[in-house]
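Here is the structure we will look at, set down as structure tokens.
The values are calculated or read from the model by the stated rules, or taken from the named source; none is laboratory data. None of these values were measured; they are calculated from a predicted model. All Cβ positions, glycine included, derive from the backbone under ideal geometry; neighbour counts span all protein chains shown. The protein model used for the area step is the full one, side chains on, heavy atoms only, and it has no ligands, DNA or RNA in it. Shrake-Rupley method; radii C 1.70, N 1.55, O 1.52, S 1.80 Å.
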Amino acid sequence: MLVTADITSGTYKFVLVLHLLSAIVGFGAVFLNAIYGQQARARKGREGLAISEANFLVSEVGTYFIYAVFVFGVLLVLLSSEAWKFEQFWIWGSMGLYIIGLGLSHGVLRPNVRRMQGLMRELSDGGPPPGAASGGPPPQVAELEERGRRVGVTGATLNVILVLILFLMVWKPGV
């Protein structure tokens with residue numbers, strides 16, 4: 001059984017610190033991913049692939065902190081001695097946006113980034129590109145561009161979702 005605590009208690013404040021720290025580390029690790037993408041695109045070849053792989057690793061670590069944000073948030077509601085309730089719009093709205101964000105991240109963003117890294121490996125490891133005979137760019141380039149657009153739109157959408165969640169948590173509409 002979970003013991004409730006007043007929102008001014010040490011227990012509540014400790015979990016709040018863990019919630020905020022997880023948010024800073026997790027979302028901080030992914031919020032500026034577009035910059036890494038631009039740098040990888042500018043460098044191409046093995047250098048671009050190395051930037052992309054390093055960014056993906058940091059994002060993977062950040063993902064665990066992002067999961068912790070949700071867990072600590074739920075704990076805060078449960079610990080709050082009913083100061084906060086799941087029925088309050090700012091809580092269920094934040095949770096809903098968070099779940100939508102996870103769906104976009106796992107369903108659209110990550111699969112596209114993984115495929116892009118595979119395409120970058122093909123381009124940097126392969127001999128003559130398949131399109132070389134026709135004089136045009138290899139087919140991987142066109143796919144990289146299209147997937148890059150999807151990643152850019154999805155990443156921007158995720159950043160907007162994060163800002164909306166922050167607004168809900170700061171202003172707490174419905175309280």
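Pick from the stretch 6-49 the residues that are of a type in the set (Val, Ile, Thr) and in a helix (DSSP H, G or I): which of them is surrounded by the most Cβ atoms within 10 Å (Cβ to Cβ)? Break it down into steps so the answer makes sense when it comes.
Initial filter on the stretch 6-49 (of a type in the set (Val, Ile, Thr)): 7-8, 11, 15, 17, 24-25, 30, 35.
Within this subset, residues satisfying the condition of being in a helix (DSSP H, G or I) are 11, 15, 17, 24-25, 30, 35.
Values: Thr11: 13, Val15: 20, Val17: 11, Ile24: 12, Val25: 16, Val30: 24, Ile35: 10.
Here the residue is Val30.
Give Glu87, Glu60 a once-over and let me know the one that is modelled with pLDDT of 95 or more, over 24 Å from Val170 (Cα atoms) and of a type outside the set (A, V, I, L, M, F, W, C).
So the residue among Glu87, Glu60 that is modelled with pLDDT of 95 or more, over 24 Å from Val170 (Cα atoms) and of a type outside the set (A, V, I, L, M, F, W, C) is Glu60.
Answer yes or no as to whether Leu119 is at pLDDT 95 or above, farther than 18 Å from Gly28 by Cβ and open to solvent by less than 40 Å² (accessible area, probe 1.4 Å).
Values: at pLDDT 95 or above: yes; farther than 18 Å from Gly28 by Cβ: yes; open to solvent by less than 40 Å² (accessible area, probe 1.4 Å): yes.
The answer is yes for Leu119.
I'd like to verify a number: residues in the stretch 10-46 that are farther than 30 Å from Glu146 by Cα and either of a type in the set (A, V, I, L, M) or without any contact (Cβ under 8 Å) to a residue 12 or more places away in the chain (or both), how many? Steps first, answer last, please.
First, pick out the residues of the stretch 10-46 that are farther than 30 Å from Glu146 by Cα: 10-24.
Filter once more, so that each one left must be either of a type in the set (A, V, I, L, M) or without any contact (Cβ under 8 Å) to a residue 12 or more places away in the chain (or both): 10, 13-18, 20-21, 23-24.
Summing the residues that are farther than 30 Å from Glu146 by Cα and either of a type in the set (A, V, I, L, M) or without any contact (Cβ under 8 Å) to a residue 12 or more places away in the chain (or both) in the stretch 10-46 gives 11.
Can you name the condition, by its number, that Phe56 falls short on among (1) within 15 Å of the chain's Cα centre (by Cα); (2) free of Cβ contacts under 8 Å to residues at least 40 places away in the same chain?
(2)
Of the numbered conditions (1) closer than 26 Å to Glu145 by Cβ; (2) buried (at least 16 other Cβ atoms within 10 Å of the Cβ), Phe65 fails exactly one; give the number of that condition.
Here Phe65 clears every test but (1).
Restricting attention to the stretch 68-102, report how many residues are over 23 Å from Thr157 (Cα atoms), surrounded by 14 or more Cβ atoms within 10 Å (Cβ to Cβ), of a type outside the set (Val, Ile, Thr) and free of Cβ contacts under 8 Å to residues at least 24 places away in the same chain.
Qualifying residue count for the region: 0.
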